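Some notes on the structure that comes next.
Throughout, read-outs are computed from the coordinates displayed, never taken from laboratory work. Owing to the predicted nature of the structure, the values given are computational and were not obtained by experimental measurement. Reconstructed Cβ throughout: ideal geometry from the backbone, glycine too, with neighbour counts over all protein chains shown.
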Amino acid sequence: MLAIAAGFAAQERMPTEPAALVNEAYIRLRRIQNLQWNDRHHFFSVVAVELRRILVDQARVRVALKREGGQRRIPMSEDLSWVDVGGQDMLDVDRALTDLEKLDTDKVRLVELRYLMGCTVPEICELRGVSDATVERHLRFARTFIQE
């Protein structure tokens with residue numbers, strides 16, 4: 001998790017230190033009572049969701065302070081280096097993922113694993129037990145959905 005957080009910090013757009021992000025994720029995960037990890041996929045999925053929630057919470061605070069607002073079209077690139085994880089971009093990504101989640105939660109989990117956790121396509125295939133083609137197809141659909 002620290003390596004993933006450090007990747008966000010390397011963009012110099014993260015409002016907190018990588019260790020602080022990991023600590024916050026750990027604290028939030030510890031609050032979940034009776035949580036048992038079924039497998040690696042379960043662990044990575046839960047961590048990805050928590051990291052997304054933390055980044056969105058931080059972005060909401062920053063945006064509220066700056067009094068920014070309004071919806072924008074989201075440019076979905078191969079990675080999320082374009083996203084200001086502490087600002088409006090993260091809120092736009094979260095809003096698009098929330099809309100996609102109403103249609104297909106599996107695609108949202110893939111996006112979280114790929115872009116928030118930094119998993120490669122082969123790693124996602126191993127975690128999810130699906131083919132490369134399936135993962136690529138679902139990620140293409142998610143990118144198209146988010147761009148609209």
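For the range 127-132, what does the Karplus curve 6.51 cos²θ - 1.76 cosθ + 1.60, with θ = phi - 60°, yield as ³J(HN,Hα) per residue in whole Hz, taken in order and with x for Gly and Pro?
Karplus-based 3J(HN,Hα) across the range 127-132 equals 5, 8, x, 10, 7, 4 Hz.
Where does each of S131, S45 land when they are ranked from fewest to most other beta-carbon atoms within 10 angstrom?
On the way: S131 11, S45 19.
Listed from fewest to most nearby Cβ atoms, that is S131, S45.
Kindly rank 20-28, 96-104 from highest to lowest mean number of other beta carbons found within 10 Å of each residue. All intermediate terms of the calculation are to be shown ahead of the outcome.
Details: 20-28: 17.2, 96-104: 14.6.
The densest-packed peptide leads the list: 20-28, 96-104.
Among R128, R60, R31, what is the fewest-to-most ranking by other Cβ atoms within 10 Å? Can you show the working numbers first?
Numbers: R128 19, R60 16, R31 8.
Sorted ascending by nearby Cβ count, the order is R31, R60, R128.
Which of M90, M117 comes first, and how do the rest follow, when ranked by fewest Cβ neighbours within 10 Å? Walk me through the numbers before you get to the answer.
Values: M90 24, M117 19.
By the 10 Å Cβ count, ascending, the order reads M117, M90.
Evaluate E = 1/(1 + (r/R0)^6) for R40 and E148, where r is the Cβ-Cβ distance and R0 equals 30 Å; express this FRET efficiency to the nearest 0.05.
Details: r = 33 Å, r/R0 = 1.08.
The pair R40/E148 has a calculated efficiency of 0.40.
For D104, what residues show an amide H to amide H distance below 5 Å, using hydrogens built from the backbone and excluding near sequence neighbours?
For D104, no residues qualify.
What's the extension gain from T134 to D99 if we count 0.36 nm per residue and subtract their Cα-Cα distance?
10.5 nm
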